[in-house]
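The structure appears right after this line, and notes come after that.
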Amino acid sequence: MIFISLNLMIKKVSIIIPVFNERKTISQIIKAVEMVDLGPAEKEIIIVDDGSTDGTKEILRGLEKRHRVIYQPKNIGKGAALRRGFQEASGDYILNQDADLEYDPVDYVLLTRPIVDGIADVVFGSRHLDPAKNKYVYKRYLWGGLFLNFVVNACTGIGINDIFSGSKLFPRSALERISLTSNGFEIETELAIKLVRAGYRILEVPISYKARRIEEGKKIRPIDGIKILKAAIRSRWFDPFDKTQGRPEQS
């Protein structure tokens, strides 16, 4: 029943994968994304290399015949890579996917189900709704993230359980209604806040999460928390965007 509904409601999913120096994981994550079965819904995989220097580009060149690969001229940040991918997407829905192995593509079916059932316009994967499904290497990242999530919610009133999740599914048509400007990790916060402001029905579902170590390539740092907070305040209170009245129509 799910796949029949997907055929009716989600014709094509554009999966955007920003990449920066992920030579050790990029082949594995691409294979995992390719293996996910969304029934008759077509998958479009768009990989955006953000100026990698570790040999990732050489691996990506071998994928160009199978997927769309875009090369940024220099390293700008995850947000810039995602925004470039969003511009190139042709699916009726867009899904973020990090290039490491922290988020499991198997959860794509969980993300699409609320859309299929008609109970949400946008679905976020939450790392906090089911702690048993998650593994954190550093407790400071867990508690720091939870505290920052609380602060952002308090400042913006959006009420999202996991604002910073790198697993978000939303209609491509939303990009015609909101403007995104972030270049770094704060893109996840900006996207969440502006989707709320635009009136989309957002549902969060529990997903699996396996954090990696800094020596394995984890890139987010405490300074990014300050950037996230600034982006949250800007996105909620200062950034203008074309906000229409009422709940948007479903795609």
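The values are calculated or read from the model by the stated rules, or taken from the named source; none is laboratory data. Since the structure is predicted, the reported quantities are computational estimates derived from the model, not experimental observations. As a convention, Cβ positions derive from the backbone with ideal geometry for all residues, glycine included, and neighbour counts pool all protein chains shown.
Among 43, 24, 78, which is touching a Phe, Trp or Tyr at 6+ places or on another chain (Cβ under 7 Å) and either among the charged types (D, E, K, R) or modelled with pLDDT under 95 (or both)? First the steps, then the outcome.
Details: 43 fails: touching a Phe, Trp or Tyr at 6+ places or on another chain (Cβ under 7 Å); 24 fails: touching a Phe, Trp or Tyr at 6+ places or on another chain (Cβ under 7 Å).
When all the criteria are applied, what remains is 78.
If we only count helices (runs of 4 or more DSSP H) wholly inside the stretch 57-170, which ones have 1 or more residues that are under 19 Å from the mean Cα position of the chain (by Cα), among the hydroxyl-bearing types (Ser, Thr, Tyr) and surrounded by fewer than 17 Cβ atoms within 10 Å (Cβ to Cβ)?
Answer list for the stretch 57-170: 139-156.
Is it true that some residue in the stretch 228-245 is at pLDDT 95 or above, at negative phi and of a type in the set (Phe, Trp, Tyr)?
Checked against the condition, which is being at pLDDT 95 or above, at negative phi and of a type in the set (Phe, Trp, Tyr), the stretch 228-245 yields no hits at all.
Determine, yes or no, whether residue 203 is assigned to a helix (DSSP H, G or I) and in contact with a strand residue (DSSP E or B) (Cβ under 9 Å, 6 or more places away or on another chain). Before you say what the answer is, go through the steps one by one.
Values: assigned to a helix (DSSP H, G or I): no; in contact with a strand residue (DSSP E or B) (Cβ under 9 Å, 6 or more places away or on another chain): yes.
Taking the combined requirement at face value, the residue does not satisfy it.
Let's see how each residue does on (1) touching a residue at least 60 places away in the same chain (Cβ under 8 Å); (2) of a type in the set (Ser, Thr, Tyr); (3) at negative phi:
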position: 126; (1), (2), (3): yes, yes, yes
position: 153; (1), (2), (3): no, no, yes
position: 164; (1), (2), (3): yes, no, yes
position: 174; (1), (2), (3): yes, no, yes
position: 178; (1), (2), (3): yes, no, yes
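Exactly one of these conditions fails for residue 44: (1) more than 13 Å from the chain's Cα centre (by Cα); (2) under 20 Å from residue 185 (Cα atoms); (3) in a strand (DSSP E or B). Give me its number.
Single failed check for residue 44: (2).
Within the stretch 119-147, restricting attention to residues that are of a type in the set (Val, Ile, Thr) and touching a helix residue (DSSP H, G or I) at 6+ places or on another chain (Cβ under 6 Å), which residue is farthest from residue 200 (Cα to Cα)?
Taking the stretch 119-147 first, the residues of a type in the set (Val, Ile, Thr) are 119, 122-123, 137.
Those left that are additionally touching a helix residue (DSSP H, G or I) at 6+ places or on another chain (Cβ under 6 Å): 122-123.
Numbers: 122: 7, 123: 10 Å.
The residue in question is 123.
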